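What follows is one structure encoded as structure tokens, with my remarks underneath.
Just so you know, all these numbers are worked out from the coordinates, no wet-lab data involved. From a predicted model like this one, the values you see are computed outputs, not experimental measurements. Backbone-built Cβ (ideal geometry, glycine too); neighbour counts: all protein chains shown.
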Amino acid sequence: MNAELCWLPFFGEALPQGRDPLAVAREEMALGMASLAGASCRLACVPGGGDGFEIIKDEQGYLVRGGETGVLYGTYRLLTALQAGECPLTAWTDPAFPLRMLNHWDNMDGTVERGYAGQSLFYKNGKFDYDADRIRFYGRMLASVGVNAVSINNVNVHAPADKLVTAELLPEVKKIADLLRPFGVRLIIAVDYALPVTMGLDTADPLDQRVQDFWKKQCDEVYAYVPDLCGFLVKADSEYRPGPYKYGRDHAQGANMLARALKPHGGMLIWRCFVYNCRQDWRDHTTDRPKAAYDNYAHLDGQFDENVILQIKNGPYDFQVREPVSPLFYAMERTEKAIEFQLAQEYTGHQIDLYYMPPIWKDILADLRRMPRHICAVTNLGDDANWTGHPLAQANLYTYGRMAWEGKALDGDKEAERWIALTFGRDFPEKDRLKAMLAASQGIYEKYTSPLGLCWMVKPHLHYGPDPEGYEFSLWGTFHRANHQAVGIDRTDKGTGFADQYPADMAAVYKNTDTCPEKLLLFFHRLRYDFKMRDGRTLLQRIYDDHFEGAEGAEQLLAQWRAMEGLMPRDIYENALNRFEKQALNAREWRDIINTYFYRFTGIPDAHGRKIYD
Ligand code: GCU
């Protein structure tokens, strides 16, 4: 196995083989401590202590006390803190979220939907095909940051993955579960709502007794192989996936049917709320896609069984560079919810462009007011030797796990500092420069792509690079309606009414152009190009400035990276260098195409005389 880069390099090549978290913790402690000469440590398991742990010090050295999985989390905490040069002592700590999930969008042919780090970790050519040590190493990485549940297949369930819940493939699923269980990681399977039909019934109607019996039997089978399966994940009635709407049933009826089949086994049913009309006519100004999740679900509050979790994307659109928080989070008080983030950089640079996520997570969590009880992220992983394609994209996986454990926005700089110390060494000479690059990256990317929450100026399907009208006349409900005078969609009560899905005080802030955060101005408002921004610039000039500055920022990232030459293994340096070069070109392309797009409408040149092509 060649794990080219990871935040746990001090373990070297050795991997734990233990069958449960306590055994793994013992092995990891021995392996990790070997590189920390002088320190000594004991472990104590506290039955019933679950994921929690504490680290104390007495005359014999460090003592990690923790629950059945907590003892492993405590072990990694101790080892990483010592490696990073931090004080490891901590009073009893429990994770904020019981479920800290990752979703793979892996297909069994080996491809990864929206994957930018190679092929699947689990499958090739329609079969399970993996390196068991690599899966163990993956388990170690997840446990080291506290992630405890992973779905192993794409939410768009393509055959043969629909059979993962059948005797045909369950023996293989069991092997993955057995590999990850010692790291405290449980499996989730994404299921196809139409499976009963594929398997010979004439319906998948959730109220049909035969369908209910089918799923009960299927769950009995699944749990016979994987008794601790976390549950099922479902994308239904979304982007052409089958679902209960076909049978005239709502999503509470659809979800509860599966939840009841899982219930006797202690399983959870995780139901995604990414439901919208994906055949919208651009001529229609009344349908507004961001309203869809709320419209489909809010009225169902209180109707979901207790083992149902609604998984809601962080924004109402689709992982765009800048969106408000989904209004569904402020509704449905009586429903269990998970917030879904996307580590895979689908709209944020394909793991070519540098995009460190904690700053945007901080904005999102600040607006959330109350955290949902669960958290999830689409992974950015693949079979590339360095796991994430861009070596620095690993920092997003690391900080996601940390955020999921803490249950709150973290100081991105502090997390970056720790990640750099662990990955490149405590004495890495350019740590401040690297930290500054990570900190600046999200803002830089936002500046050179779609302006001020406008969304969808990206190349269709590919989602990398600019195409201002690529989605303008499509069926996806993704419009900005730019013309010679104005741009954006009025989502206030005078327009589509989207803003009124928020609590009244938030809606009032968003509806008023004087109070709406500038970053989101073009999400909520249709504005003329001469609209005055708060600093006196026109909207048009602000768009020009952002794009010039963003492209300049990308050039600077490239120059900064060059200062890292010789400070790390050559292949890691060059891998990233190549990406920074591509990013600079991408940013230049965005700058020129977006600026020219608006210049052609307005005929107004840049106030500072910079080059805008005609
Ligand atoms: C986006 C993405 C799809 C994905 C979908 C989802 O639309 O482009 O590839 O399937 O999100 O979250 O289900």
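Would you please state which residues of segment 62-88 a label at Leu36 would reach in this model, taking the label point 7 Å out along Cα→Cβ and a backbone N cut-off of under 16 Å?
62-66, 71-88
Where the centre of each part is set by its Cα atoms, how far does segment 470-488 sit from segment 287-317, in angstrom?
Segment 470-488 and segment 287-317 have Cα centres separated by 25 Å.
Work the Kirkwood hydrodynamic radius out for segment 212-285: mean of 1/r over every pair of different alpha-carbon atoms, inverted, in Å.
With all distinct Cα pairs of segment 212-285 included, I get 13.7 Å.
Mind checking which aspartates and glutamates have their Cα closer than 20 Å to the Cα of Lys431? Skip sequence neighbours fewer than 8 apart in that chain.
Glu4, Glu86, Asp353, Asp411, Asp413, Glu415, Glu417, Glu555, Glu565, Asp571, Glu574
Structure shown: which of Lys246/Lys362; Lys57/Lys414; Lys263/Lys414 lie over 29 Å apart, alpha-carbon to alpha-carbon?
Over 29 Å Cα-Cα: Lys246/Lys362; Lys263/Lys414.
Can you tell me what share of the DSSP beta bridges in the chain is antiparallel? A percent to the nearest 5 is fine.
Percent antiparallel among DSSP bridges in the chain is about 30.
Quick check: Cα centre of segment 430-452 to Cα centre of segment 511-553, how many Å?
Here the answer is 19 Å between Cα centres.
Computed FRET efficiency, Cβ-Cβ of Leu475 and Tyr245, R0 22 Å: what is it to the nearest 0.05?
Working: r = 18 Å, r/R0 = 0.81.
The formula returns an efficiency of 0.80 here.
What nm distance separates the two modelled labels at Asp109 and Leu63, each placed 7 Å from Cα along Cα→Cβ?
The modelled label-to-label distance comes out at 5.8 nm.
Under 24 Å between alpha carbons: how many lysine pairs meet that in segment 112-226, if sequence neighbours fewer than 8 apart on the same chain are excluded?
14
Taking 8 Å as the Cα distance limit and 6 or more residues as the minimum spacing, I'd like the relative contact order of the chain as a percentage.
12 percent.
Quick one: pull the percentage of alpha-carbon pairs in segment 173-296 with a separation above 24 Å.
I get 36 percent for the Cα pairs in segment 173-296 exceeding 24 Å.
Which GluC sites (Glu not before Pro) in segment 8-84 pass both tests, a DSSP loop state and at most 15 other beta-carbon atoms within 10 Å?
Glu13, Glu59
Go through segment 155-247 and name the chymotrypsin sites (Phe, Trp or Tyr not before Pro) that are in a DSSP coil and have 16 or fewer other Cβ atoms within 10 Å of their Cβ.
Sites meeting the loop and neighbour criteria: Tyr240.
Show me the three semi-axes of the equivalent ellipsoid for segment 434-584, from the C-alpha gyration tensor (sqrt of 5 times each eigenvalue), largest first, rounded to whole Å. Spell out each step's value before the answer.
Working: eigenvalues 237, 61, 44 Å².
The three semi-axes for segment 434-584 are 34, 18, 15 Å.
Provide, as a two-decimal number, the C-alpha radius of gyration of segment 560-614 over 2.2 N^0.38 Å, N being how many residues it has.
Segment 560-614 yields a ratio of 1.68.
Normalised by the residues of segment 364-493, what does the relative contact order come to in percent, with Cα pairs under 8 Å and at least six apart?
11 percent
When the expected Rg is taken as 2.2 N^0.38 Å, what fraction or multiple of it is the alpha-carbon Rg of segment 445-490?
Relative to the rule-of-thumb radius for its length, segment 445-490 sits at 1.10.
For the chain, max minus min Cα coordinate along each principal axis, in Å, sorted largest first?
Extents along the principal axes: 72, 66, 47 Å.
What value, in deg cm²/dmol to 500, does the helix sum -39500 (n - 2.57) over DSSP H runs of n ≥ 4 give at 222 nm once divided by the residues of the chain?
Result for the chain, helices only: -11500 deg cm²/dmol.
Within 10 Å, at most 14 other Cβ atoms, and a DSSP state outside H, G, I, E, B define an exposed site. Report the longest part of the chain free of exposed trypsin sites (Lys or Arg not before Pro).
20-278
Given R₀ = 35 Å, FRET efficiency for Asp467-Asp505 by Cβ-Cβ distance, to 0.05?
0.40
Would you please give the residues with an amide H less than 5 Å from that of Lys337, counting only those at least 5 places away or on a separate chain, with H modeled from the backbone geometry?
Leu310, Arg373, His374
Leaving out same-chain residues fewer than 8 places away, which lysines sit with a Cα under 22 Å from that of Lys511?
Straight-distance partners of Lys511: Lys291, Lys494, Lys519, Lys532.
Report, in whole Å, the centroid distance computed from the Cα atoms of segment 390-411 and segment 222-269.
For segment 390-411 versus segment 222-269, the Cα centre distance is 29 Å.
Binned at 5 Å from 0, what are the whole-percent values of the Cα-Cα distance distribution for segment 134-242, short to long?
All Cα pairs considered, the percentages come to 2, 12, 21, 22, 18, 12, 7, 4, 1, 0.
So what is the relative contact order of segment 433-577, in percent, for Cα pairs below 8 Å that sit 6 or more residues apart?
For segment 433-577, the relative contact order is 24 percent.
How big is the Cα convex hull of segment 348-473 in projection, averaged over all directions, in nm²?
Numbers: hull surface 36.7 nm².
Approximately 9.2 nm², given one-decimal rounding.
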